[in-house]
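Here is the structure we will look at, set down as structure tokens.
The values are calculated or read from the model by the stated rules, or taken from the named source; none is laboratory data. Since we're looking at a predicted model, the values are computed, not measured. Glycine also receives a Cβ, built like all others from the backbone with ideal geometry; neighbour counts cover every protein chain displayed. Each accessible area value is taken on the protein alone, full model and side chains, heavy atoms only, with ligands, DNA and RNA left out. Shrake-Rupley method; radii C 1.70, N 1.55, O 1.52, S 1.80 Å.
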Amino acid sequence: MQPILEIRHLSVSVENKLLLKDISLSIPEGQTHVLFGPNGSGKSSLMLTLMGFPQYRIEEGQILFKGKDITHSSPSERSALGMGIAFQSPPAIKGLKLENLVSEIASRFYPEFVLEDASRELSMESYLHRDVNHGFSGGERKRSEILQLSAQNPDLILLDEPESGVDIENMKTIGEAIRNILHRGAREKRTKSAFIITHTGYILDYLAADWGYVLVDGQIQCENNPYELLRLIEINGFQFCETCELSKNKE
Ligand SMILES: Nc1ncnc2c1ncn2[C@@H]1O[C@H](COP(=O)(O)OP(=O)(O)OP(=O)(O)O)[C@@H](O)[C@H]1O
């Protein structure tokens, strides 16, 4: 089956500093893959590169989405093709009501979206009239991000640390909402796909993750079952990658 996302030998720089080195991976349609790695290893940079943010300069390699070469496509072209992202630290937008933003997203991407149901699911009803993320707490910003993703209904969901700043109760709300987006329309076709950055792995309690990678210093050090990788990281830290038997990349 054709992968929904394929990254081939991708190297990326920001401000003349090489951040990502020779990254190759492939996410089959319907699968959820996970990206682990220490702070500053380049995880967010990879997500933002995938979404097409122009400050991330592609030095080498290719990104294919649904078989189409999107290496040089704009973020709006990528979202039109079915790619969506929830940021690690979503920005506030003064003067734009959350309800108007979400309705606009739904009208462009997913007209079947029912704002009332989705905002109830995420306990966001009382935030709809407020400016997007303005004065929102960390957890409220995350729920606002997932509401926007829900209205976009993308085929590939990029999630940058969905747990950060979220309490345990809200983690359940967010985890279940993400799972519902992934399974939406599952009767007609396969589950949607996701690529998720996580430090704690809490989100993995709500999703069935298929594969995981450990990124260290801009390179994928090893890859394998994500639950096993998380267990090893918890016990040994990221150093285990250097000698790990799980590595598929090593000669
Ligand atoms: N736009 C940018 N301009 C300058 N430096 C950048 C930019 N984006 C990323 N970097 C640098 O690239 C490195 C990797 O950052 P990145 O945010 O991708 O790491 P990360 O693995 O997501 O870290 P964390 O787990 O702390 O979120 C960092 O040293 C960061 O300062």
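Summary of values
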{"read-out": "Single residue of the stretch 42-63 satisfying the filter (part of a loop (DSSP other than H, G, I, E, B) and either free of Cβ contacts under 8 Å to residues at least 24 places away in the same chain or surrounded by 17 or more Cβ atoms within 10 Å (Cβ to Cβ) (or both)) that is farthest from the ligand (Cβ to nearest atom)", "value": "Gly52"}
{"read-out": "Enumerated strands (runs of 3 or more DSSP E) restricted to the stretch 69-165, each holding at least 2 residues that are touching a helix residue (DSSP H, G or I) at 6+ places or on another chain (Cβ under 6 Å)", "value": "83-86, 156-160"}
{"read-out": "Complete set of residues in the stretch 68-119 that are among the aromatic types (Phe, Trp, Tyr) and more than 20 Å from the chain's Cα centre (by Cα)", "value": "Phe113"}
{"read-out": "Residue match in the stretch 165-183 (condition: on the phi < 0 side of the Ramachandran plot and within 16 Å of the ligand (Cβ to nearest atom))", "value": "yes"}
{"read-out": "Any chance Leu19 is in a strand (DSSP E or B), within 16 Å of the ligand (Cβ to nearest atom) and at pLDDT 95 or above", "value": "yes"}
{"read-out": "Pick from the stretch 189-238, criterion at pLDDT 90 or above and of a type in the set (Ser, Thr, Tyr), ranking: most open to solvent (accessible area, probe 1.4 Å)", "value": "Tyr202"}
